[in-house]
Every structure is written in C-alpha cells, then in structure tokens.
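> I'd like to ask you about the structure that follows.
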Amino acid sequence: MSGESVGIDELLERVREGLDRIGPQEAYDAAEAGALLVDIRYAALRERDGLIPGALVVERNELEWRLDPQGSHRAPEATSHDLQVVVICNEGYASSLAAASLRQLGLHRATDLDGGFQAWRAAGLPVAP
C-alpha cells in the first residue's frame, strides 16, 4: 500500500488478508477467555440496538489512543501488546480497518468480528439495552 491508489473495496480486502477474523460465537468465547471486545459503533447505533455486555465502548476516532498500552490516554483495559482485542462495528467493515490500525500499533492479536454487532445479535448472543 505504498504510493499507489486503491479503492476502499481493495483496501478492505488487503487489510483482511492480515486478520484472523472471527464469528460471533468465537468472539463470545474469546471474551469469556479474557479477550477485550471493543465496540466502536457510534452512539446512535448503540442507543438503537443496545450493547454487548462487558464490551469496552470506544469511539472510532479515539481507538488508537485508548488501546495503545504505552499511551498516556490509554484505557485501563489496554494492559499489553499481547492482549487479544476484538473490534466490533455495526456490520464488520470499519472494524477491519480499525483492527489493522491496532496491529500497526503492535497489538498483534487484534482482529474484528465478521458481520459486526448485527451478526452478534442475529446469533442470539447477549445484548443489553
């Protein structure tokens, strides 16, 4: 991705090649095993559809600052570059780009939820109002 121009579809495809995307049940199981679920959906979607219990809510524009284990603005949950992070957006598009950005910060286990929050809800997994 040096100086060449690519469309968003190609960029998304390239980014996803470097991620081990997971499905809703895998994300649930990962959270049970200590992974950090991070919800980057904007407030209107969270208010409309609800929240994943236990997920850390971080606005997309703050994500890197909040999850950088070395950052002065990090969330208390951002304890290590070895932390497994599962980024969740509404349908699983923006989360792929966000997870790739976290990997560039050294969070080598960052990935995203394939299908996003909508897939989580469709799988019948817990949602809080």
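The values are calculated or read from the model by the stated rules, or taken from the named source; none is laboratory data. Bear in mind the structure is a predicted one, so any value in this text is a computation, not a measurement. Glycine also receives a Cβ, built like all others from the backbone with ideal geometry; neighbour counts cover every protein chain displayed. Surface areas here come from the heavy atoms of the whole protein model, side chains and all, with no ligands, DNA or RNA. Shrake-Rupley method; radii C 1.70, N 1.55, O 1.52, S 1.80 Å.
> Contact list please: Cβ distance under 7 Å, first residue in the stretch 112-129 and touching a residue at least 24 places away in the same chain (Cβ under 8 Å) and of a type in the set (S, T, N, Q), second residue open to solvent by 20 Å² or more (accessible area, probe 1.4 Å) and in a loop (DSSP other than H, G, I, E, B), pairs at least six apart or on different chains.
Pairs that qualify, where the first residue is touching a residue at least 24 places away in the same chain (Cβ under 8 Å) and of a type in the set (S, T, N, Q) and the partner is open to solvent by 20 Å² or more (accessible area, probe 1.4 Å) and in a loop (DSSP other than H, G, I, E, B), are Gln118/Asn90; Gln118/Glu91.
> Taking into account only those residues within the stretch 113-129 that are part of a loop (DSSP other than H, G, I, E, B) and either at pLDDT 95 or above or in contact with an Asp or Glu (Cβ under 9 Å, 6 or more places away or on another chain) (or both), which is surrounded by the most Cβ atoms within 10 Å (Cβ to Cβ)?
Among those residues, the one meeting the criterion is Gly115.
> Looking at the stretch 54-112, which of its residues are outside any loop (DSSP other than H, G, I, E, B), within 27 Å of Gly7 (Cα to Cα) and aliphatic (A, V, I, L, M)? Even if it seems obvious, please write down each step before you answer.
Looking only at the stretch 54-112, we keep the residues that are outside any loop (DSSP other than H, G, I, E, B), and these are 56-57, 60-67, 85-88, 94-104, 111-112.
Adding the requirement that they be within 27 Å of Gly7 (Cα to Cα) leaves 60-65, 85-88, 94-104, 111-112.
Hits for the stretch 54-112 are Leu63, Val85, Val86, Val87, Ile88, Ala94, Leu97, Ala98, Ala99, Ala100, Leu102.
> Something else: Which residue pairs have Cβ atoms closer than 6 Å, lie 6 or more positions apart in sequence or on different chains, and pair a first residue in the stretch 27-55 that is farther than 23 Å from Pro76 by Cβ and without any contact (Cβ under 8 Å) to a residue 60 or more places away in the chain with a second residue that is buried (at least 21 other Cβ atoms within 10 Å of the Cβ) and of a type outside the set (S, T, N, Q)?
none
> Kindly indicate whether Ser72 is polar (S, T, N, Q), in contact with a Phe, Trp or Tyr (Cβ under 9 Å, 6 or more places away or on another chain), free of Cβ contacts under 8 Å to residues at least 40 places away in the same chain and farther than 27 Å from Ala123 by Cβ. I'd like the intermediate steps shown before the answer.
Numbers: polar (S, T, N, Q): yes; in contact with a Phe, Trp or Tyr (Cβ under 9 Å, 6 or more places away or on another chain): yes; free of Cβ contacts under 8 Å to residues at least 40 places away in the same chain: yes; farther than 27 Å from Ala123 by Cβ: yes.
In short, yes.
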